[in-house]
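To keep things clear, I will list the structure first and then write my remarks on it.
Read-outs: derived from the displayed coordinates by stated rules, not from any lab. Treat the numbers as computed from the prediction; the structure is a model and nothing was measured. Ideal geometry is used to build each Cβ from the backbone, glycine not excepted, and the neighbour counts take in all protein chains shown.
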Amino acid sequence: MQPTADQRRWMYRNMVLSRYLEERIEALYMEGKTPVFNMAKGPIPGEMHLSNGQEPCAVGVCAHLTADDIVTATHRPHHIAVAKGVDLDAMVAEIFGKATGLSGGRGGHMHLFDGAVNFSCSGIIGEGLGPAVGAALSRQMQGKPGVAVAFMGEGAANQGAFHEALNLAAVWQLPVVFVIEDNAWGISVAKQASTAVPRNATRAAAYGMPGHHVADNDVEGVYAAAGEAIARAREGLGPSLIEIETVRLAGHFMGDGEDYRPKGEKAGLTDPIPRYRAALLEAGVLDEAADAALVAEAHERVEAAIRFAQQSDFLPPEAALETVFV
Amino acid sequence: MTTDITVPADLWEGDTEGVITAWLVNDGAEVAQGDLVAEVMVEKAQYEIEAPVSGRLSIAKEEDEVVSKGTLIATLEA
Amino acid sequence: MTTVTKSASRKLTMARAMAEATAQEMRADPRVFVMGEDVGPLGGVFGNTRGLFDEFGPERIRDTPISETAFIGAAVGAASDGMRPIVELMFVDFFGVCMDAIYNLMAKNTYFSGGKVPVPMVLMTSTGGGYSDAGQHSQCLYGTFAHLPGMKVVVPSNAYDAKGLMTAAIRDDNPVVFMYHKALQGMGWLGTEKGATVAVPEEAYTVEIGKAAVAREGQDLTLVSLGAGVHHCLRAAQALEEEGFSAEVIDLRSLVPLDRETVRESVAKTGRLIVVDEDYHSYGVSGEIIASVAEHPGCRLRAAPKRVAYPDIPIPFAPTMEQWALPNADKIVAAFHQMLNEH
């Protein structure tokens, strides 16, 4: 399955947009945190898990989805939210904790909910899978179209929830696609030290579903595997598992010393964005002028969202008591 | 004889500034060579400062003060 | 060779105190080992296994997959088979994925066996917020764990107690949940409470599980708290002293067993009680402490007791909302003023 030229540019643009967003968040996050790194300080307090390097997973999958399809994401959600079309202004405002944020600042960067595009995420490992299965079940029971995609890291494949959700989706033949973003590290623990099989895609066999393995963080490899899995789900043929070898170009979280990573390991990783850019230029899908315009437009979109967030107010503190129930 | 305790140049990579998060010995106390005396934090990573010799500790940089590699943080009087 | 004896004023952060207790017990007892996420070369996300991997190696300091049900369940099995495991649940908020291993196995197997199959293990877990980590990484859940019978629960407020309680927990033949507040660990990035880094003896010692401490003596008011809340109480007591009131501060240190006697004795003296708890307001530690005082026949309260606790809401991310919701010294002082106005 080959993406069209438009889809290629869409994927590239969303990668650029996501990365620039992360770069700006990184800089803003550090405001107030140097030289003393106190997580509570600065315009963006709390933990911050950047997705730099993992963009191919998000765009290659979401290129096949509409706003009506469901996505559940992880503690590292920004690239997926961007690709799924989450309202960027409201998302960035949420990351700043502002009143105009998706939840008025109650959730923050690990708990982004945008019902308009059926996107949500959770800070607990493996806990996006059950809700994706349930959303797919809901569509099946209501006779409505749509697929659910659950993103997770490779560490989540060792959680009970992973195995239970895959089995449940398979036994009920639900329109779900499970996507593993394998960045090789669960905080400080290397995948090979925590996972009994070299490839998590092989675990799909245990639940009678297709298992796809995408090597080398390949954007169009993700596109092809996701296209097949999502088409299969839409046809009512049941769930699939996709494992993508991706890269974590940043630390687990901001401030991570990463002393646990072998020397030189990170330097050997390939940034997927310049590589895809070169491929698109080579293929004639993009030229230098179009690229410059696309990048400038994406940057301006991010800057506009940041301005929106910065200019927004916080909710009054007492609003903390609201929306516990509807 | 007075010996300086400075932040070692190889304590962490790069030239980022750090902060003293804890003195693990009170000012004026006797410490032995190799004793852990302070913790320095650089972003989320914590590094240890040991006494290079034995002696009476005189703190020059208090907790929460910002330090760089080479900063004199205390002296030891033998 | 140096002959200088180390100063009695040697201080440790709570993270180091936990690691030192663990190392000393591991040297003394080959049955003791540690399992958890990032407890190995990283030394624990909150620093409490730092240095252990270098000394004891991967056989006894075991990094686990993100599989809490499996490794906490495994600790139960190992404990009942002659080992003394220490396991870490990185954030107490993650208990949801593994609570069966904790409260149906760890907490009940001793009873199911009529006391013949003990479960000598320690479950250490981080608690607390205040740094905008939002509702899945900031809870205390003291009441949740203390409510369920069959496991001891300790909550240190400083490094001295942390070392002594950890040593006691490892030596205990029962399961002990060791709940440490992130702000007390001495990790500066979490906004460290300086009062938690205190002098700690080098030799191994225990702090009795089930015995509260009087952190400050007073005559007019009893403040009862645990963990980080003790430091809020000490600051409030300082502020009240400037107003001419003398507040006694009780550091519970242990929730199971709960030292009701020390609390009652203090309230019998002061006649006024405020409980300070970063856990949720309802159905928790604060209610239990007040009930323990009120139900006692000797209860002679001069004023209705009060609690300064977390509102019954998920913990919000935005610092404006989170800081507003957290207990602090000002709220304790205000509660006392209100108490005086009501009587």
- [ ] Assuming 1.567 mPa s and 4 °C, estimate D for the range C:235-305 with Stokes-Einstein, Rh taken as the Kirkwood radius over Cα pairs, in µm²/s.
- [x] 100 µm²/s
- [ ] Do me a favour and compute the ellipsoid semi-axes for the protein assembly as shown from its Cα gyration tensor, root of five times each eigenvalue, largest one first, whole Å.
- [x] 45, 30, 27
- [ ] First measure r as the distance between the Cβ atoms of A:ARG199 and C:LEU340, then evaluate 1/(1 + (r/R0)^6) with R0 = 45 Å and state the FRET efficiency to the nearest 0.05.
- [x] 0.10
- [ ] Please find the FRET efficiency linking A:ALA206 to C:CYS299, where r is the Cβ-Cβ separation and R0 is fixed at 51 Å, and quote it to the nearest 0.05.
- [x] 0.25
TODO: Have a look at C:SER132, C:SER266, C:SER254 and tell me which one the Gaussian network model of chain C (Cα, springs below 10 Å) gives the largest fluctuation.
DONE: C:SER132
Task: Projected area, mean over directions - the range C:197-341, Cα convex hull, nm² - done: 10.0 nm²
- [ ] For the range A:1-126, compute Rh as the Kirkwood radius over C-alpha pairs and then the Stokes-Einstein diffusion coefficient at 20 °C and 1.002 mPa s; write the answer in µm²/s, rounded to an integer.
- [x] 144 µm²/s
Open item on the list: If you average the alpha carbon positions of the range C:261-335 and of the range C:43-59, how far apart do those two centres end up, in angstrom?
Closed with: 36 Å
Task: Rg and Dmax [Cα atoms of the range A:52-179; Å; Rg one decimal, Dmax integer] - done: 14.1, 43
TODO: Report the full-extension gain for the segment A:LEU281 to A:ALA215: residue separation times 0.36 nm, less the Cα-Cα distance, to one decimal in nm.
DONE: 21.6 nm
Open item on the list: Could you work out [θ]222 nm for chain C from helices alone, using -39500 (n - 2.57) per DSSP H run of at least four and dividing by all its residues? Round to the nearest 500 deg cm²/dmol.
Closed with: -10000 deg cm²/dmol
- [ ] Enter the angle in degrees (range 0 to 90, nearest 10) between the Cα long axis of helix C:329-341 and the first principal axis of the Cα atoms of chain C, meaning the one along which they spread out most.
- [x] 30 degrees
TODO: Find the Cα radius of gyration of the range B:2-77, compare it with 2.2 N^0.38 Å by division, and give the number to two decimals.
DONE: 0.99
Open item on the list: Would any residue of the range C:51-87 have its amide N under 18 Å from a label point 7 Å out along Cα→Cβ of A:ASN167? List them or say none.
Closed with: C:67-71, C:73-74
Open item on the list: Less than 15 Å Cβ to Cβ from A:ALA205, Lys/Arg counted +1 and Asp/Glu -1: what total charge do the surrounding residues give?
Closed with: +1
Task: Diffusion constant of the range C:1-87 at 4 °C, which comes from Stokes-Einstein with the Kirkwood Cα-pair radius and 1.567 mPa s, µm²/s - done: 93 µm²/s
Task: Convex hull volume per residue for the range C:87-133, taking Cα atoms only, in Å³ - done: 70 Å³
Task: Spatial separation of Cα centroids for the range B:38-78 and the range A:120-198, in angstrom - done: 47 Å
Task: Percent breakdown of C-alpha pair distances by 10 Å bin, ordered from the shortest bin, for the range C:65-109 - done: 29, 59, 11
Open item on the list: Let me see the P(r) profile for the range A:99-252: every Cα-Cα distance counted, bins of 10 Å, each bin given as a percent of all pairs.
Closed with: 11, 39, 36, 13, 1
Open item on the list: As a test of the formula, what do you get for chain A when each DSSP H run with n ≥ 4 contributes -39,500 (n - 2.57) and the sum is divided by the residue count, at 222 nm and rounded to the nearest 500 deg cm²/dmol?
Closed with: -13000 deg cm²/dmol
- [ ] Report the far tail of the P(r) of the range C:180-279, meaning the percent of Cα-Cα pairs longer than 22 Å.
- [x] 33 percent
Task: Where only C-alpha atoms are counted, convex hull volume of the range A:177-248 per residue in Å³ - done: 77 Å³
Task: Net dipole in debye of the protein assembly as shown [+1 Lys, Arg Cβ; -1 Asp, Glu Cβ; about Cα centre; nearest 20] - done: 1620 debye
Task: Rounded to the nearest 20 debye, dipole of the range B:2-77 from Cβ charges on Lys, Arg, Asp, Glu - done: 120 debye
Open item on the list: Of C:TYR111, C:ALA78, C:GLN136, which is farthest towards the positive pole of chain C's charge dipole, taken about the Cα centre with +1 and -1 on the beta-carbons of Lys, Arg and Asp, Glu respectively?
Closed with: C:TYR111
Open item on the list: Please give the charge dipole size of the range A:150-267, origin at the Cα centre, charges +1 on K and R Cβ atoms and -1 on D and E Cβ atoms. Round to the nearest 20 debye.
Closed with: 200 debye
Task: Cross-link pairs beyond the 27 Å C-alpha cut-off, checked among C:LYS11/C:LYS182; A:LYS98/A:LYS144; C:LYS211/C:LYS269; B:LYS61/C:LYS194; A:LYS33/C:LYS306 - done: A:LYS98/A:LYS144; A:LYS33/C:LYS306
- [ ] Would you mind giving the mean number of other chain beta-carbons within 10 Å of the Cβ of each residue in A:251-263, as a whole number?
- [x] 3
Open item on the list: Given points 7 Å out from each Cα along the Cα-Cβ axis, report the C:GLU217 to B:ARG56 separation in nanometres with one decimal.
Closed with: 3.3 nm
- [ ] Tell me which residues come under 5 Å, amide H to amide H, from A:THR74 once H is placed; ignore anything under 5 positions away on its chain.
- [x] A:SER122
Open item on the list: Distance between the C-alpha centers of the range A:264-300 and the range A:42-94? Whole Å please.
Closed with: 19 Å
Open item on the list: Can you say what percent of the DSSP beta bridges in the protein assembly as shown, counting only those with both residues inside, are antiparallel? Round to 5.
Closed with: 35 percent
Task: Highest-fluctuation residue, C:GLY130, C:GLY115, C:GLY218 considered, GNM on chain C with Cα pairs under 10 Å - done: C:GLY115
Task: the range C:221-235 residues near the modelled C:ALA291 label - backbone nitrogen below 19 Å, point 7 Å along Cα→Cβ - done: C:224-226
Task: Choice from C:MET151, C:MET321, C:MET18 showing the highest fluctuation, given a GNM over chain C with Cα pairs closer than 10 Å - done: C:MET321
Open item on the list: Averaging over every viewing direction, what projected area does the convex hull of the Cα atoms of the range A:257-297 cover, in nm²?
Closed with: 4.3 nm²
- [ ] Take the eigenvalues of the Cα gyration tensor for the range C:11-199, scale each by 5, and report the square roots as semi-axes in whole Å, largest first.
- [x] 24, 19, 15
Task: Rg to Rh quotient for chain C, alpha carbon positions, Kirkwood Rh - done: 0.97
Open item on the list: Give me the percent relative contact order of chain A, please, defined on Cα pairs under 8 angstrom at least 6 residues apart.
Closed with: 23 percent
TODO: For chain A, restrict the atom set to alpha-carbon positions and state the Rg and Dmax in Å.
DONE: 19.2, 56
TODO: Using the 2.2 N^0.38 Å rule of thumb for compact globular proteins, work out how the range B:36-78 stacks up: its C-alpha Rg over that value, please.
DONE: 1.17
Task: Residue-count net charge about A:ALA304 - beta-carbon cut-off 11 Å; Lys, Arg +1, Asp, Glu -1 - done: -2
